[in-house]
Amino acid sequence: AEPAVCRRRSPCPLLLSSLPAAVAYSKPRLATFWYYAKVELAPPTPGEIPKAIDSMKAMVRSFQSGRLAQLTVREALRNGLVATEVLMWFYIGEIIGKRGLIGYNV
Amino acid sequence: MIPPVQVSPLIKFTRYSALLVGMIYGKKRYDYLKPIAEEERRIEAEEKKKREELERIAKELAEASEDSILK
């Protein structure tokens, strides 16, 4: 009872008989992932949105007051990395919106 | 295990709004590109038909005009 794709080539990596081993391997790792993702990747609760807007205003004010000159290079690099990660979420959203991984399947 | 990091609400908010904006952008661009691609495919199919017609005529002419006793 192997999936159809296995009948054409051998050795076949998709044996159903290896499924329980795969599940046993991934269960604890999924648990760790879920443990961190519940806190770190969770969307903002409605109560956090005003806090986010406040931090945005504070950021704008700090740029205006010239605190930019006191940034260390390390802090600037860290902020740059965080900004890059936020930008990558846009591309992931685009993948979801165009319903294809690479290119537009028109 | 080390406890998970408390992400600042600003970062969470911008992440998920970037995700939403990306989804909308992808959908809009897909809807824009789809009719253009269909139009191109239609034009390509027509041109192909015309080309094949011309080739067929040329082939028939060539076959009719070559005379050889080896046929």
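Scan the stretch B:11-28 for residues that are within 7 Å of chain A (Cβ to nearest Cβ) and farther than 22 Å from A:TRP34 by Cα and the total you get is 9. Of all residues in the stretch A:65-106, those being facing chain B (nearest Cβ under 8 Å), assigned to a loop (DSSP other than H, G, I, E, B), open to solvent by less than 90 Å² (accessible area, probe 1.4 Å) and not aliphatic (A, V, I, L, M) number 1.
Against the conditions (1) under 29 Å from the mean Cα position of the chain (by Cα); (2) loosely packed, with under 10 Cβ neighbours inside 10 Å, B:PRO3 satisfies every one except (1).
Once the stretch B:6-44 is narrowed to residues that are β-branched (Val, Ile, Thr) and open to solvent by less than 90 Å² (accessible area, probe 1.4 Å), the residue that is modelled with the lowest pLDDT is B:VAL7. For the stretch A:3-19, the count of residues that are at pLDDT 85 or above and open to solvent by 90 Å² or more (accessible area, probe 1.4 Å) is nonzero.
The values are calculated or read from the model by the stated rules, or taken from the named source; none is laboratory data. Values in this document were obtained by computation on a predicted structure and should not be read as measured data. Quick reminder, even Gly has a Cβ in these numbers, built from the backbone with ideal geometry, and neighbours come from all protein chains shown. Just so you know, the surface numbers come from the protein's heavy atoms only, side chains and all, with ligands and any DNA or RNA stripped out. Shrake-Rupley method; radii C 1.70, N 1.55, O 1.52, S 1.80 Å.
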